[in-house]
Structures are given as C-alpha cells and as structure tokens.
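This report refers to the structure that appears directly beneath it.
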Amino acid sequence: MNDLTPAPQDALGLSRSVRRAEDPRLLTGGGAYVDDTAPAGALFGYVLRSPVAHARVTVAADDARGMPGVQAVLTGADLEAADIENHLPTAVAKNRDGSKAAAPRRPLLAVERVRFVGEAVAFVVADSLAEARDAAEAIEVDFDELPVKLDVAVGGATIHPDAPDNVVYDYGKGDEAATEAALAAAHRVVELTVDDNRIICASLEPRGVWAEMEGERLHVCFNGQGVWGPMGTLATTLRMDKAAIRVTNPDVGGGFGMKAMSYPEMVLVAHATRMLGRPVRWMADRSEAMLSDNAGRDLICTAKLGFDAENRLVAYRMDNVANLGAYNSGYAQHIQSELFSKVMPGVYDVQACYMTSTGVFTNTTQVDAYRGAGRPEAIYVLERAMDYAARELGVDPFDLRRRNFIAPDSFPYESAMGETYDVGDFPRVLDRAMAEADVASFAARRAESAAAGKLRGLGLCYYIESILGDPSESAEIEFTEDGRVTLYVGTQSNGQGHETVYRQFLATDLGIAPEMIDVVQGDSDRIAKGGGTGGSRSVTTQGTANKAAAAKVIEKFAPFVAGLLEVEAVDFGEGAFRAEGSNRVMTVLEAAEAARTAGETELLKTRETTTLPGRSYPNGAHICEVEIDRETGQLAVVKYTVVDDFGNLMNPMLAEGQVHGGVAQGIGQAVSEHVVYDETGQLLTASFMDYGMPRAVQMPMIAFHSEPVPSTANVLGMKGCGEAGTVGAMAAVGNAALDALWDLGLRRVDMPFTPSRVWALLQLAEGATDAA
Amino acid sequence: MYDFELVKPSTLQEAVAALKDDEAQALGGGQTLLPTMKARLAMAGKMVALSGVAEIKGICTDDAGRICIGGATTHATVAREATGFPALASLAARIGDPAVRNRGTIGGSLANNDPSACYPAGALAANAVIVTPDREIAADDYFQGMFETALDEGEIITEVKFPVPEAAAYEKFIQPASRFPLVAVFVAKFSDGVRVAVTGASSDGVFRWAEAEAALSSDFSAEAVSGLSAPDAGGMISDLHGDGAYRAHLVKVMTARAVKAAH
C-alpha cells in the first residue's frame, strides 16, 4: 500500500491543489526562454528553405558569402565536405517479414534534392538577423521540379529510391489468422474508415537554439523535452565525444512531443559555433515553425469489429496508413504502429485482435509524436467504430460499451496486444460520467436546440491510455550552504508545473517548506541522466524517484540525528525527527546544518534511481454535446464532461489543468485545425490567418471529476494525466457530430468539423433526401 | 523587413507633401502593411506615418446629421464614440482583436480594400462619402474591385462621412482561423430604400446585392430575403475555408440575419 496521506495541517503537500509556483514568474515576463538566454554578441543564424515540394536543386552561395556582416554560409555540399554526418538518425522499425524499415538519409541541409516545402537548403550566419536574411536572398538555388506525391496511400512519384512505392514500414501485431477466423464466424461485422486529420503543433514558443564554446567544450542550449537524447544526436552527427558536449534546456513554452525530437537547426547551430569559435543563435519565426516542426496525426484507419449474437465483441481488426512526410523523424516509425498497439483494443475484453500500419513518405513536412503519440489515434478509430457499431446493431452506445468492458474483477488483465492493465473499474467510471453529464435529460436539451434551429448531438468516448517513456528516473537531493535544498530531476518541464508538484513531494516526505526547495532540470553537466518529458511519464517516474531519495535521506540522517539528540533511535514523522520518550525534535534542514558543521558531508547529497515495475493505464469517459447551426454548418461544442480514473492525484488542480489543455487540443483537431496542402505541395495553412487554432471562446466549460482506482504499478498509486484529455476528446466530438447528423441520413463524418465541411455534409443530406 | 525611411508628419499639409515622393507609402495603423513588410513581401523607400496627424482623427456630426470620422481614427475609437450609428460602432468593435482595434484605422482599411475587410461593407451600405485632400468620392464609385479603389497614387483618406440609416445591422460569419469575415453583410434601411453590402464573398471585393435591396425596399423583413435565390456563386471566392456555393449561401443567410437584427 502506498502511504500518501499528508499530515492534516500540511496544506502544501501531496494530494493538495497547491497553486503553481511557476506562474508569477512565467506570467510576468520572468521566464528565461531560449531566445532570452542567448549569449551577448551571438551571431544570428538564418535557414534558407525550399519553396517547392520536390525538385532537383543546385545551390550557388558565393555571392552571399561576400555580403555585409556574413560570417558563414553553409550548404549541403559544405556539410558533405566537413567532418560531420549530414544526416539525422531515426529509430528504425521492423517490417512484418522481419526486414528493416526504410531509413533513407535525412540531410541537415539538402543535397541535390529537396523533398518538401520548408526543407533546409542553406544556413547563413551573420552579425545581425537582417544581414543573414539579406544574404540568404543572394543565394542562388535552381529548382528542377519533380512530380509530387501527397496522398496518404502507397504508390505515387518516388521520393526516396530505397523506399519503393513510398512505403516506409509495414507493421503488424496480433494474431491475424485467429482474428480473421473470428470475423468470419461473427454474427455481425461492422466496418468503419476514419480520417485522423493532420495537425500542426503550434507550440506557443517556436523552436530555438543557441550554442557557445566553453573552453574546448561545446554548450548547446535549445528548447526541448530533455537533454540527454539530443546530446547523443550531437555527438553522432558532429563526431564528438559526449563528454565534450554540454546540453541545456531553459524554460520551454510547450513541446507536446514536437520538441522531443532532434531537428537540423540544432546541429547546424552547434556546427557553426564550433567552426567559427563564436556563439550562434537561431529562433524560428511562426511561419518557419509551421513549415518545419514535426506535424502530428495524419493517418487513415479502417476498423472491422466482429460481434456475436449477444453483441459481444469477438474480433477486432484495424489497418491504418500513416503519413510520415518526406523523411523519417526520430521516432516516427513507431507512433502509428507500436505505440498505437498499446491501447489498440481499448477497454474491451476482446482477445482476437490484429492490427497493421503502413507508413508512407509524401512530399510534406515530417510527422512524428503529438500529444498522445499513437494512443489518441488508436482510441479515436476504436471509439468511433464502437459508436457506429451501436447504431448499426440498433443498441444503445452506452450499453454496447458496458457489455464489452473488461470486468472490474478480471484485473490484472493482459490485452491481446500483450499489455497488462493493472487495475480498472470502467462501469463505475461510466456510471459517474452519465450522471455528471446528465445524459438522462439529453432529449430535452436536444428539443431545445431544435427549437432554435440547431441540431444537437451527444457523443461518448471511453478511452484508455498507456503511460510511456523511460520507466527509470533519478532524483538527487542536495542540502546547500545557504540552508536551502536543491532537487535535481531528470524530467523536463515544458510548462506543466513540475516544480510545484516536486516541491510537494519533499514537503510531504521531508517536511521542507516549498519555498526552501530549488528544482534543477535540463543540464547535462549537473544531472547525469534523465528521461525528459514525454508519454505522460514525468510525475510518476520522477515522483517515485523523489520519494526514494527522500526515504534515503531519512535513513542516512537517522543515526546522525539520534546521536545529536542523545537517544538510541529516532523516527521521522510530521515533518521532523523525533525520539520516543523525548520532546526534542529536529527538522531535516536543522539536521543538514548540523551535518555540515560536523563535517558529515556525505549526508548532504543523496541520489536515488528507481524503475517503475509496470505502466499505469489512465482511463475515463468523455461525454460531449455539440450543436450544429443548420443554416451555416457552424458546429459548437456546448457541453463537455470528463470523469477520469487517474488513480491518486498528486495535485488535483494541476491534473484538471492537464485535462483542460488536452481536451482543448482534441477539440482543436476535431473542430478547427485543418492542414491543407495544394496539389503542388504548397502548405496553404502556413499562418494563423488560415490555420484554425482553437480559441478560448470556442471552448465549453469542461467539467472534470475524479473516480480513482489507484494503480498498483507504482508506489504512488497514480496514473499519468498529461495526454489523457487529448486521447478522449477527438472521438467524443466526432461521435457527437455524427449523432447530430444521423437522423438526416448521414453515416460517415470526418474531422475537422469546420463550418464549410459540415455545411457540405448538410448539403449531401439534403441531396439524399431529395433523391429519396 | 527591409530598411526604409520613416516620416512622421504632424499636419495634413506635411503628409500630402511627403507623399508626393514616388517612393512614399502612406502608413495608417499598419495592421496589414507591417506584417507584410516583416515577411519581406512588401517594401517602400519611405513610410509616411499618418498617426501623428491630429486633424484627420476623431468623430463628429455634420450639419446634415452625418457621422464624420477622420481617416486616421482607430477602430477602438469608432467602437467607443460612434454612438450615433450603433451598427457602425458594432462593426468596429468586432474587427480583429483589441491590439488591432487600437492601431488599425478606418482610412487604412478603406484604402487597402481587402475583399474580406469589414469597413468596406459599412461604407458601401451606408452610402458613405470618402473624403481626400482634394475631393469627395461616393462609396458607389470608390470600391473598384479586390484591393482596388478610386484613390490615386499617394492620395489619402482624410475623412469618411456616414449618413445614418433608420435601421441597420452588420452580421458577420467569421473565417475560423483569421476571424475576418468569411461572409459578412451590412444592411442599412434609409427612408428612400434599403442598401445591402456584402464583404468576404466576392472575388471583386465588396458589392451590393441588388435583388435583396429591391426585395427589402418593399418589404423589410427576413421573409423577403428567404424568397430570393442566393446570389450567383460564379464570382465568389473559393478557398479552403469555403467554396463559392457556400459563400453565396451564406450571403443569403447573413442578409436575413442582419434584417432581423436591424434596429
């Protein structure tokens, strides 16, 4: 059993909604983001990007090199001649036949060919940004255009010779024969294909990087999601010893998986810094970000659900085709394949499952992880298909889910994809959600909307999520000379509020006041190893390590304190060391001060590494109501209820905030975020004038309720909450949209539900009615 | 942004003189021009900022009862002070966001004549008069197609005079990303007839919907609009936010809503 209950007077400890310590600093301009921290006098880098989607190129940069203020102009040819790898590596997947997936070179700067609009062609370094841009305009690039391949399908104009038919990988998991047999024997088979539309991450802070020489060592600072992975990339590409590189992450304004991967600019800035012996900085503007940041989603999924005569799900097959863009990003081959598989069968007790994923190259920006990374996609198609199946089978969508839930008494449950779900009580969560969302009164609300000329629909998504990322993490607690405490962590806040929550851990376990604790993250010189942020891992992995380090501190200090108090032994409780039969107490900070005075320096630093024994599986029900204006096609999300099983909440307010943000991103994708390329591969939605970011005014009030079943896969009993909101939101909105339109005869509706697309559906329905 | 010379006249006379230079470009609130320049998609040798010219700012009522707005008056000022013409104040209050409204000007908007801008619909529907240093131009003659106006090179808008309708309303259906009008309609009912101006829809920029004007002049009701066919989709803008047929349809919907809302 976990022991998390804080002392009653402890309002700042775990399970309390402690306010974010970061906010006053970040909201009043006190943040130190990458572009705020560049060394004085740093040179400015500027990337010249391809304006065409597919072409043979020749680059002539001599004129640019002579321009005022120019310190260096790098082309692909220059990198080829330099002692570096002109290639960003990827984690290569395995195909179904055991062969390796396609891994063509991904150059830092294009060599002979460009493959998407926005691809880096040259890198200019100058005294000022304006001079760098002027010089970039003087670079002559000849484009001999080639046919473009844009559809999310196998085939088309060849982009890489070593990826025939543009197939990157051919992934499969599960028992195909058993699944096909079960489908063949099923009483009913329901099939549904859904588009999972491409999005642009659009983090508030675009990507940026600067580098400087620290003596003989190279220091690279960029706004990422961790420092150790990129250090490996830098060492490989620059052919340097890791020990000669320091990597840091300053404050980061949103990452969402997009900033977890390496990009050419980081290496280009590092290379130029080393070459020139002077600091170099680069910051993307918004248009560059939209052209060059990893995109998300962009796949087409087909689900086949087999049911027996009692509407029990007996087989599930899912095939998807995933767009990877023009090159393999760092983890791209695993998102819609292996990570998708983690929750492919969702919350349903179905053992005959099989899935395939086919990755394809297109002449578009590369695609990789985006909040949820494979799990939102898996839940989207499954929950859209379950909802559709209920309609086809003529049963209530809530009942169909309930009938097929993994029963609460069958945990731990091994899914057909080999995941062991530790705990869960899906019927209880669903009951609560139906009550909180007042599903019983929906008919009355629908009638009210109809009276106002609006179609109203209600949609359910019951999602399950799998926490990912490195299960190991370390925490180091250091008592410093000024009487404070430094906590070194291996995770990396991108704005989530880690500092607040980690302080809560030490407040609870060591009785140290939060304002006495400094959290240090994101510096490879100060922290030996860490997993960064991603996969909703941070608080579970770091919190577990924090607890272990805190326990070790008490264990190490106890004999020393007993000696000071002149007793046999001491206990630690209610924030201090105490001895039985004595009224003397000593706080941890007092003990640390005494240890320093006594020269017991080994007590002052404690590092512990922990590894989670298993993954946790947050799950919950999202119930969404939408209204559609019949005259204009405008869809609005008007009511939204979430009941989540996140296990024990470390900070309920921050968990709820994560849900709000996640739901907003899900609603954004479902309603307004729409990436459009024209037929030549130009990105038409390359600014916020055309790319529909969700806005506060479009968001409903999101009701959040916790219905916890503590996880048994970590000592905290918690489940990660960073991505869950996104995982549940898309299908909830999609199912609500279909519910609103079903009676008009519509059967397939795909995101994004922009006004013009919904109006087109309404026209289709009218046409169908006319024809009938 | 490329280098340029910035001139900041404080009188209209100085501004007119500065704009005689072939290289000169007038700068109102800069809400269109500056982002375009920052993206290096526009350049001018000399920028003549009109924001310091006090005599072309502010709102008053003339002897004919018209609301007269100085060309360099911001949207925020119009929203706050054009109380004599509530539909126009409401139009101004819904342009962009607070930052845009505090910088952008009526003269800048009308001179640019973006096919999706709000003010052209208000000016055309209200039969406004566009005043420049040397002449007055009727709105019907002023708007000459997408980004085209009757203004000569270097000619600036000093004032816009709006006759006040008996009833009016501006109904805007926003493009989801930019929040410019995807289609917006300004309906203005005068004693001698109704004027209906549409923005966002046509590739020729703002236009008057003659059929709706005729129908509404004899029966000022939403029902009068519902009897009409939507305008021809042929000349409508077609883009990723909506094709011509959708925009034509929205013209009808927004016109009916504007009539309902008019007061």
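The values are calculated or read from the model by the stated rules, or taken from the named source; none is laboratory data. Keep in mind that this is a model prediction, so the values were computed, not measured. In this analysis, Cβ positions are derived from the backbone assuming ideal geometry, glycine residues included, and neighbour counts consider all displayed protein chains.
So here's what we get for this one:
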read-out	value
Complete set of residues in the range B:152-184 that are basic (Lys, Arg), within 14 Å of another protein chain (Cβ to nearest Cβ) and part of a strand (DSSP E or B)	B:Lys172
Single residue of A:Met701, A:Met693 found to be farther than 19 Å from A:Tyr463 by Cβ, away from chain B (no Cβ under 12 Å) and surrounded by fewer than 23 Cβ atoms within 10 Å (Cβ to Cβ)	A:Met701
So A:Val638, is it more than 22 Å from the chain's Cα centre (by Cα) and at pLDDT 95 or above	yes
Yes/no for B:His249 being within 30 Å of A:Met689 (Cβ to Cβ) and without any contact (Cβ under 8 Å) to a residue 40 or more places away in the chain	yes
Pick from the range A:678-690, criterion more than 10 Å from chain B (Cβ to nearest Cβ) and over 24 Å from the mean Cα position of the chain (by Cα), ranking: surrounded by the most Cβ atoms within 10 Å (Cβ to Cβ)	A:Gly681
Selection count, the range A:347-366, where residues are in a strand (DSSP E or B) and under 25 Å from A:Tyr316 (Cβ atoms)	9
Top-ranked residue of the range A:487-518 - restricted to ones that are touching a strand residue (DSSP E or B) at 6+ places or on another chain (Cβ under 8 Å) and among the acidic types (Asp, Glu), ranked as farthest from A:Glu205 (Cα to Cα)	A:Asp518
Qualifying positions in the range A:381-399 - surrounded by fewer than 21 Cβ atoms within 10 Å (Cβ to Cβ), touching a strand residue (DSSP E or B) at 6+ places or on another chain (Cβ under 8 Å) and among the charged types (D, E, K, R)	A:Glu392
Out of A:Ala135, A:Ala178, A:Ala130, sole residue that is farther than 28 Å from A:Glu265 by Cα, of a type in the set (A, V, I, L, M, F, W, C) and part of a helix (DSSP H, G or I)	A:Ala178
Filter result for A:Val663 (among the β-branched types (Val, Ile, Thr), assigned by TED's automatic domain parsing to the domain that holds A:Pro427, over 30 Å from A:Thr362 (Cβ atoms) and in contact with a strand residue (DSSP E or B) (Cβ under 9 Å, 6 or more places away or on another chain))	no
The range B:242-263, subset in contact with a helix residue (DSSP H, G or I) (Cβ under 6 Å, 6 or more places away or on another chain) and at the interface with another protein chain (Cβ under 9 Å from one of its Cβ atoms), residue surrounded by the most Cβ atoms within 10 Å (Cβ to Cβ)	B:Gly242
Candidate set from the range B:208-241 (those that are of a type outside the set (Val, Ile, Thr), within 14 Å of chain A (Cβ to nearest Cβ) and assigned to a loop (DSSP other than H, G, I, E, B)); member that is farthest from A:Tyr691 (Cα to Cα)	B:Ala230
Filter result for the condition that a residue is touching a residue at least 60 places away in the same chain (Cβ under 8 Å) and within 14 Å of B:Pro181 (Cβ to Cβ), over B:Gly108, B:Gly65, B:Gly122	B:Gly122
Filter result for A:Gly534 (crowded, with 24+ Cβ neighbours inside 10 Å and not assigned by TED's automatic domain parsing to the domain that holds A:Glu707)	yes
Selection status of A:Val567, of a type in the set (A, V, I, L, M, F, W, C) and assigned to a loop (DSSP other than H, G, I, E, B)	yes
Residue match in the range A:248-262 (condition: out of contact with any Gly (no Cβ under 8 Å at 6 or more places or on another chain) and either surrounded by fewer than 24 Cβ atoms within 10 Å (Cβ to Cβ) or in a helix (DSSP H, G or I) (or both))	no
Exclusive hit being touching a helix residue (DSSP H, G or I) at 6+ places or on another chain (Cβ under 7 Å), at pLDDT 95 or above and either under 30 Å from A:Thr544 (Cα atoms) or not in a loop (DSSP other than H, G, I, E, B) (or both), set A:Ala77, A:Ala21, A:Ala72	A:Ala72
Residue within the range A:37-54 that is over 29 Å from A:Leu204 (Cβ atoms), modelled with pLDDT of 95 or more and buried (at least 18 other Cβ atoms within 10 Å of the Cβ) present	yes
Qualifying residue in the range A:97-117 (condition: hydrophobic (A, V, I, L, M, F, W, C), crowded, with 23+ Cβ neighbours inside 10 Å, over 19 Å from A:Asn294 (Cα atoms) and touching a Leu at 6+ places or on another chain (Cβ under 9 Å))	no
Residue count, the range A:636-648 (criterion: crowded, with 23+ Cβ neighbours inside 10 Å and either away from every other protein chain (no Cβ under 14 Å) or in contact with a Gly (Cβ under 9 Å, 6 or more places away or on another chain) (or both))	8
Residue in the range A:714-728 that is away from every other protein chain (no Cβ under 14 Å), surrounded by fewer than 24 Cβ atoms within 10 Å (Cβ to Cβ) and hydroxyl-bearing (Ser, Thr, Tyr) present	no
Residue count for the range A:713-746, restricted to those that are part of a loop (DSSP other than H, G, I, E, B) and touching a strand residue (DSSP E or B) at 6+ places or on another chain (Cβ under 9 Å)	9
Test: residue in the range A:212-229 that is part of a helix (DSSP H, G or I) and either out of contact with any Cys (no Cβ under 6 Å at 6 or more places or on another chain) or within 16 Å of A:Asp36 (Cβ to Cβ) (or both)	yes
Out of A:Ala437, A:Ala447, A:Ala443, sole residue that is of a type in the set (A, V, I, L, M, F, W, C), over 27 Å from the mean Cα position of the chain (by Cα) and surrounded by 22 or more Cβ atoms within 10 Å (Cβ to Cβ)	A:Ala437
Wholly enclosed helices (runs of 4 or more DSSP H) of the range B:81-139 bearing at least 1 residues aromatic (Phe, Trp, Tyr)	B:119-125
So B:Ala72, is it touching a residue at least 12 places away in the same chain (Cβ under 8 Å), buried (at least 18 other Cβ atoms within 10 Å of the Cβ), in a helix (DSSP H, G or I) and not aromatic (Phe, Trp, Tyr)	no
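Condition check ((1) touching a helix residue (DSSP H, G or I) at 6+ places or on another chain (Cβ under 7 Å); (2) buried (at least 20 other Cβ atoms within 10 Å of the Cβ)) across all residues:
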{"position": "B:Pro9", "(1), (2)": "yes, no"}
{"position": "B:Leu19", "(1), (2)": "no, yes"}
{"position": "B:Leu27", "(1), (2)": "yes, yes"}
{"position": "B:Val53", "(1), (2)": "yes, yes"}
{"position": "B:Phe85", "(1), (2)": "no, yes"}
